[in-house]
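Reviewing the structure listed below.
The values are calculated or read from the model by the stated rules, or taken from the named source; none is laboratory data. From a predicted model like this one, the values you see are computed outputs, not experimental measurements. For neighbour counting, all protein chains shown are included, and Cβ atoms are generated from backbone atoms with ideal geometry for every residue, glycine included.
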Amino acid sequence: MSKPLENKLALVTGSSRGIGAAIAIRLAAEGADVIVNYAASPNRAKAVVSQITNAGGHAEAVAADLSTIEGTKALVASIDKVFGGKFGGRLDILVNNAGMVKFGPFLESPDDFYDKHFNLNVRSLITLSKDAAKRMIKTGWGRIINIGSCHGEAAAFPGVTMYVATKFAVRGFTRALSRELGPTGVTVNNVQPGAVDTELSPDDNGPAAQAMKKLMSVGRYGRPEEIASAVSFLASPDSAFINGESLTVDGGWNA
């Protein structure tokens with residue numbers, strides 16, 4: 001039985017762990033060949049690749065620090081090399097997942113606080129989307145899926161100003177780019193997770209985790225696989241009439 005993403009090449013940034021890893025594994029299960037991008041965790045990336053290949057899929061790990069313009073350009077340059085020219089310069093699916101968050105009072109944040117958030121959460125996303133769009137337009141089909149945040153809808157508590165600013169930027173960029181690319185067969189959408197149980201934001205039943213759960217009407221953290229399901233749908237042919245949307249998968253955080 002054919003799979004919906006068979007013979008498609010997907011790049012998932014920041015996919016050595018957490019949500020990114022779950023997305024890479026899910027897209028591979030749907031038939032895509034996957035580039036697993038990581039910044040500084042080769043063993044984790046290799047583990048994701050092994051899980052995909054052991055299940056009969058195809059994946060390769062590529063190191064690139066997307067917080068720098070040099071790292072972003074290096075990742076772009078690697079696209080044509082990873083699978084030995086199998087895809088002839090194509091890139092069918094781009095999932096801009098890499099990002100960072102560091103909470104703290106805005107007035108007490110260091111001068112480079114915004115730069116660090118913007119470079120990874122926004123600039124790398126824009127740079128990669130531009131290259132991907134050029135490739136996708138040539139074939140008349142493509143999916144650019146940005147991973148935003150429930151903080152792209154509202155700031156639920158103090159101390160998240162810089163993060164919120166970048167995630168609102170992701171939401172706006174998604175809408176604007178979808179207008180430009182819509183006629184080409186390339187769609188651009190945004191998935192906005194709520195609190196998800198990962199190593200970086202664990203559901204450890206501590207006071208912070210309990211407070212987060214109270215913000216979500218379902219009363220629990222999400223699972224990385226639940227975000228991957230949303231991304232898988234938006235990457236599929238079934239989503240062709242969805243463009244410029246922000247799909248909020250947050251357990252009712254912003255209800």
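Checking each residue in the stretch 123-163 for being among the aliphatic types (A, V, I, L, M), surrounded by fewer than 20 Cβ atoms within 10 Å (Cβ to Cβ) and touching a residue at least 60 places away in the same chain (Cβ under 8 Å) picks out Ala154, Ala156.
Could you list, in sequence order, all residues of the stretch 84-134 that are among the small types (Gly, Ala, Ser), farther than 19 Å from Gly20 by Cβ and assigned to a helix (DSSP H, G or I)? If the condition is that a residue be among the small types (Gly, Ala, Ser), farther than 19 Å from Gly20 by Cβ and assigned to a helix (DSSP H, G or I), then Ala133 is the only one that fits.
Set side by side, the residues Thr166, Thr174, Thr184 differ, and just one is out of contact with any strand residue (DSSP E or B) (no Cβ under 7 Å at 6 or more places or on another chain), touching a residue at least 40 places away in the same chain (Cβ under 8 Å) and surrounded by 22 or more Cβ atoms within 10 Å (Cβ to Cβ), which is Thr166.
All of (1) among the aliphatic types (A, V, I, L, M); (2) without any contact (Cβ under 8 Å) to a residue 12 or more places away in the chain; (3) touching a strand residue (DSSP E or B) at 6+ places or on another chain (Cβ under 8 Å) hold for Ala64 with one exception: (2). Within the stretch 12-63, being in a loop (DSSP other than H, G, I, E, B), surrounded by fewer than 23 Cβ atoms within 10 Å (Cβ to Cβ) and under 16 Å from the mean Cα position of the chain (by Cα) holds for Arg17, Ala39. Looking across the stretch 135-178, the residues that are among the polar types (S, T, N, Q) and not in a helix (DSSP H, G or I) come down to Asn146, Ser149.
When Leu94, Leu120 are checked against the criterion of being aliphatic (A, V, I, L, M), out of contact with any strand residue (DSSP E or B) (no Cβ under 6 Å at 6 or more places or on another chain) and surrounded by 16 or more Cβ atoms within 10 Å (Cβ to Cβ), a single residue qualifies: Leu120. Which members of the stretch 64-91 meet the condition of being of a type in the set (Val, Ile, Thr) and either surrounded by fewer than 16 Cβ atoms within 10 Å (Cβ to Cβ) or under 21 Å from Ile147 (Cα atoms) (or both)? Within the stretch 64-91, Thr68, Ile69, Thr72, Val76, Ile79 qualify. Here Glu199 passes the criteria (1) in contact with a Pro (Cβ under 9 Å, 6 or more places away or on another chain); (2) modelled with pLDDT under 95; (3) not hydrophobic (A, V, I, L, M, F, W, C) except the one numbered (1).
Checked against (1) touching a Ser or Thr at 6+ places or on another chain (Cβ under 7 Å); (2) at pLDDT 90 or above; (3) within 30 Å of Arg135 (Cα to Cα); (4) crowded, with 19+ Cβ neighbours inside 10 Å, Phe233 passes all but condition (4). Filtered by the rule that a residue be among the polar types (S, T, N, Q) and within 19 Å of the chain's Cα centre (by Cα), the stretch 108-149 gives Asn119, Asn121, Ser124, Thr127, Ser129, Asn146, Ser149.
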